[in-house]
Amino acid sequence: MTLIELQDRIKQRLQEAAVELFGLSVEQISSETPPKPELGDLAFPVSFELAKLIKQSTGAKVAPRVIAEQLKKKLAADEEITRIKVAGAGYLNIFFDRAKLLSGFNAVRAPTIDQASIASLPVRPKQMVEHTSINPNKAAHIGHLRNAVLGDTFVRILKNAGNAVEVQNYIDNTGVQVADVVVGFTHIEAMTLDQIKNLDRSLPEGRSFDYYCWDLYTKVGLFYRDHDPNGQPNPEKLKLRTDILHALEEGENPTADLADYVATRNVECVLDTMERLGIRYDLLARESEILHLHFWDRAFQLMKDAGVIRLETEGKNHDCWVMPFESHTGTDEHEADKIIVRSNGTVTYTGKDIAYQLWKLGHLGLDFNYKPFRKYADSHVAWVTTTEPHSEILPEVPRPNFGGGVNVYNVIDSRQSYPQEIVTRGVAALVPELGRNASVHLAYEMVALSASACAELGIELSNEDRAKPYIEMSGRKGLGVKADDLIDRLEADALREVQARHPELTAEEKAATANEIAVGALRYFLLKFTRNSVIAFDFKEALSFEGETGPYCQYAAVRANSIFRKLDSESQVAAETFIQRADGDAEIRKQVAQALDGEAGTDIWSLVTLAARFDEVVLQCAAAAEPANLAKYTFNLARAFNLFYHRHRIIGEEDRTKKAVMITAANIARRQLTLALATLGISVPERM
C-alpha cells in the first residue's frame, strides 16, 4: 500500500464517520504533516470544518476537540494505525504502525515514466501541453529554455499522476519574426532559396544555420532603422515585411517556399537543442496549416456568427476585426491584443491561436494532415502538420489521433498574459460549455543573468549594470544568450569538476558524466523558482554541489546507489525478505518496531515517510501546475538522505534487524529520489 492510498482510506472513513455521527457530508478532507515526527505521521483538521457545519445546520456550538474525540473512536480499529491523539484545539494526529508500513512501502515498485507518443495510445480523454513554441527564425535562447523545461517537467508530472498527455510545439512559421529573416535573406543578403541551401551546407562546424539566422535577425532590425540603433523604423522598409507576410499567408509561391525552408531548418536546430535536455514532442503544429487548411477561416466565421468579434468602422482600429473586451487597466494599453484581423487583412497571432485552441479541444470540426518529422533513437516519433493528404504520404500507417483534449495547458511567458486571456475568453464565448478552465495559461517570468554569468560569457557590462541585481537580456544591447552556448559552458565547467574528482575515468566517461551534471544543474535551476519569479541565472550557483541545486540532489542519489554497489546481493535479498516477513510474523514485526523506535528509529522513519510522499507531491504539483514544488521536495528528500547517510553505517551494522531496516529505508529513499529526479528530467550519474 502506498501512503496516498492509506491517506485516502482514512479520509473515506472520516467522511463516513461524519455522516454517521453528525449527519453531515464533508466533501474535501485535508491532511497535514506535523512539524515533528513525535507529534504523529498525519494530522487531520476535519473537526474544525465539522464544527462550522454543525453550527450552520443546527445553530449549536460544539468544540472541535469534542468532535475530534468522537471521530477518534471511529478510527481506532485500523491495522495500520497504532495510536490516535487529539492535539491542540482539535487536530486528529495519526501514528502509523511503522513496521507494517515499512513492509508495505518496500513492496511498492515505483512506476517508470512513459515517454511514448500519444499517437500510439488508445483514444481517451487526455491532457494537452503546448510548450517551447519558439519562433522559427533563429537559435533558442535561455528564456526559451525556461519555457521548454517547465513544459517538459509538467508533462512528466501529469504522466506520473496517471494522465494521458499529448505534447505540442506550436511553430509560428508565417509570423512577423520569420518574415523579418526572409527580409534579411532577400533584401540584405540578396540570396535565392538555392543560395540559402548552399550556405546552409557550407557553414563551418560550430556555426549552425540557426546561429547564422540569429545574427541576420539583428541586422534586419538595424536595416529597418536605416542602421541607426536609436532611429525610427523606415516605413518603406517595413512595407517589405508586410508584403512578405501576405506572401506567407497565401502560400504556394517562391517567397513562401524560401520561408518554409528557413523555418524548417530552424525548427530542426531547435529540436537538436532541446534533445540535449531530454525534451521531446508528439506534434509540431504549424501555423501555415492553420491558414491553408482553412482552420482560421472556420474560426473567423464562427466568431462572426456568434458576435464575438466586430468590424470597427472608425477610430484607430478602423477596418480591423476586434474582440470588444475591456482591458485590465481601463486604458488602451492592450488594444492591439484585441485585434483579430488587421486593417491590411492579415490575421494576428491572437486570431490564429483561437482557431488552434478550438482544434485542440475538439470543437473546430476540422483536422490537420500529418507526417513524421523526427524519429528519435528510442523510436519515439515527432509528427508535423502538413497540407498533404495523410493517405498519400503514409498509406500503410493509421492516421494519428491528435487533438481533442479535455484540458490544454499553454506554457507562454507572463508578458503574453493579456493576449492569452483574450484567447481564453474568445474560446469560452464560442463554446460556453467548455468554460474558461479548459484552456490554461501556464505563465512564467523572464530569465535574466547575474553579473558573474555575464562575465563568464564574455558580455561586457557598464558600472551601472554591474550594480543591478540581475541583467536583463536585450538583443539591441548584445545581451542575448543562445541556449546551446549556455549548455556548452555548463558542460565545460562540469567537465573540469569531473576531471578533478575522477582522473581515472576515460574521456568518454568524463564527458558523459559532465553532460548529466550540466543538464541536471540547468534543469533544476530553472525549476526551483516558482513560475512567477524572475530568475537571475548564475553558473557557480547552478553547478554547486552544496545547497539547493541539481548536482546536490544527484549526489545524494549517487551516494545511495554506492551503498547498494558495496552491499552484496545476498545481504540485500536477506534484508528485503526479512522486512516482508514483518507483515505476517508477530515476532519479526516486534523487532522491526523496536528498531524504528527511539530517536535513531524516528530519524529513519522520517526518511521513509518523506520518500513515501512522492505520489502526493506529484498530485499537488499537477493540481497547482507548479513544478517548483517538486523541485523543493526533491531537495528535501536529498537532504534527508544525506543526513541519514552521515548518521548511520549500514554496511558495518552487526544487528540483523537494524541492518535490514536501514537497507530497506535507504532503498525506498533512493528509489523515490531517482523517480523524483527523473520527473524533473534529471538523470543520476554513475559517479560524481
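The values are calculated or read from the model by the stated rules, or taken from the named source; none is laboratory data. Computed from a predicted structure; not experimentally measured. Cβ placement follows ideal geometry from the backbone for every residue including glycine, while neighbour counts extend to all protein chains displayed.
Quickly run through region 351-386 and pick out the residues that are of a type outside the set (A, V, I, L, M), out of contact with any strand residue (DSSP E or B) (no Cβ under 6 Å at 6 or more places or on another chain) and crowded, with 21+ Cβ neighbours inside 10 Å. Scanning region 351-386 gives K352, D353, Y356, W359.
Could you go through region 501-509 and let me know if any residue there is surrounded by fewer than 18 Cβ atoms within 10 Å (Cβ to Cβ), under 26 Å from the mean Cα position of the chain (by Cα) and assigned to a helix (DSSP H, G or I). Checked region 501-509: no residue is surrounded by fewer than 18 Cβ atoms within 10 Å (Cβ to Cβ), under 26 Å from the mean Cα position of the chain (by Cα) and assigned to a helix (DSSP H, G or I). Comparison of G175, G143 shows that the only residue that is at pLDDT below 95 and closer than 16 Å to L258 by Cβ is G175. Tell me, yes or no, whether region 636-659 has at least one residue that is surrounded by fewer than 24 Cβ atoms within 10 Å (Cβ to Cβ) and within 20 Å of the chain's Cα centre (by Cα). Yes, the conditions are met somewhere in region 636-659. Among residues that are of a type in the set (V, I, T), more than 24 Å from the chain's Cα centre (by Cα) and surrounded by 14 or more Cβ atoms within 10 Å (Cβ to Cβ), I563 is included. Restricted to region 415-500, the set of helices (runs of 4 or more DSSP H) holding at least 3 residues that are within 30 Å of L358 (Cα to Cα) and within 24 Å of the chain's Cα centre (by Cα) comprises 417-430. Residue count for region 32-56, restricted to those that are polar (S, T, N, Q) and farther than 16 Å from Q15 by Cβ: 2. Among the residues examined, L596 does not qualify as within 34 Å of the chain's Cα centre (by Cα), outside the structural domain of R83 (by TED's automatic domain parsing) and of a type in the set (A, V, I, L, M, F, W, C).
Among the residues in region 44-64, are any surrounded by fewer than 16 Cβ atoms within 10 Å (Cβ to Cβ), acidic (D, E) and out of contact with any Ser or Thr (no Cβ under 8 Å at 6 or more places or on another chain)? Checking region 44-64: not a single residue is surrounded by fewer than 16 Cβ atoms within 10 Å (Cβ to Cβ), acidic (D, E) and out of contact with any Ser or Thr (no Cβ under 8 Å at 6 or more places or on another chain).
I'd like the residue in region 559-586 that is part of a loop (DSSP other than H, G, I, E, B) and closer than 13 Å to I651 by Cβ and, out of all such residues, is modelled with the highest pLDDT. Within region 559-586, the match that is modelled with the highest pLDDT is L567.
Residues that are of a type in the set (S, T, N, Q) and within 12 Å of F614 (Cα to Cα) within region 660-688 comprise Q672, T674, T679, listed in sequence order.
Test A51 against the criterion of being over 30 Å from A640 (Cα atoms) and touching a Leu at 6+ places or on another chain (Cβ under 8 Å), and give yes or no. It is false that A51 is over 30 Å from A640 (Cα atoms) and touching a Leu at 6+ places or on another chain (Cβ under 8 Å).
Just so you know, in region 511-558 the residues that are farther than 29 Å from R649 by Cα and among the polar types (S, T, N, Q) include one that is surrounded by the most Cβ atoms within 10 Å (Cβ to Cβ), and it is N515. Restricting attention to region 252-282, which residues are of a type in the set (D, E, K, R) and touching a strand residue (DSSP E or B) at 6+ places or on another chain (Cβ under 6 Å)? Across region 252-282, the qualifying residue is only D282.
Being outside the structural domain of D210 (by TED's automatic domain parsing), in a helix (DSSP H, G or I), closer than 26 Å to G403 by Cβ and at pLDDT below 95, is that true of even one residue in region 102-113? No, region 102-113 contains no residue that is outside the structural domain of D210 (by TED's automatic domain parsing), in a helix (DSSP H, G or I), closer than 26 Å to G403 by Cβ and at pLDDT below 95.
All conditions but one from (1) surrounded by fewer than 20 Cβ atoms within 10 Å (Cβ to Cβ); (2) within 29 Å of A611 (Cβ to Cβ); (3) at pLDDT 90 or above apply to I94; the one that does not is (1).
Residues in region 670-688 that are of a type outside the set (K, R), part of a helix (DSSP H, G or I) and within 29 Å of L495 (Cβ to Cβ): L673, T674, L675, A676, L677, A678, T679. From the list P400, P419, P432, P389, the lone residue that is buried (at least 20 other Cβ atoms within 10 Å of the Cβ) and closer than 30 Å to T350 by Cα is P400. Tally time: how many residues in region 480-521 are touching a strand residue (DSSP E or B) at 6+ places or on another chain (Cβ under 7 Å) and free of Cβ contacts under 8 Å to residues at least 24 places away in the same chain? Residues flagged as touching a strand residue (DSSP E or B) at 6+ places or on another chain (Cβ under 7 Å) and free of Cβ contacts under 8 Å to residues at least 24 places away in the same chain within region 480-521 amount to 0. Starting from residues that are among the aliphatic types (A, V, I, L, M) and in contact with a helix residue (DSSP H, G or I) (Cβ under 9 Å, 6 or more places away or on another chain), keep the ones in region 552-566 and report whichever is farthest from E516 (Cα to Cα). The selected residue is I563.
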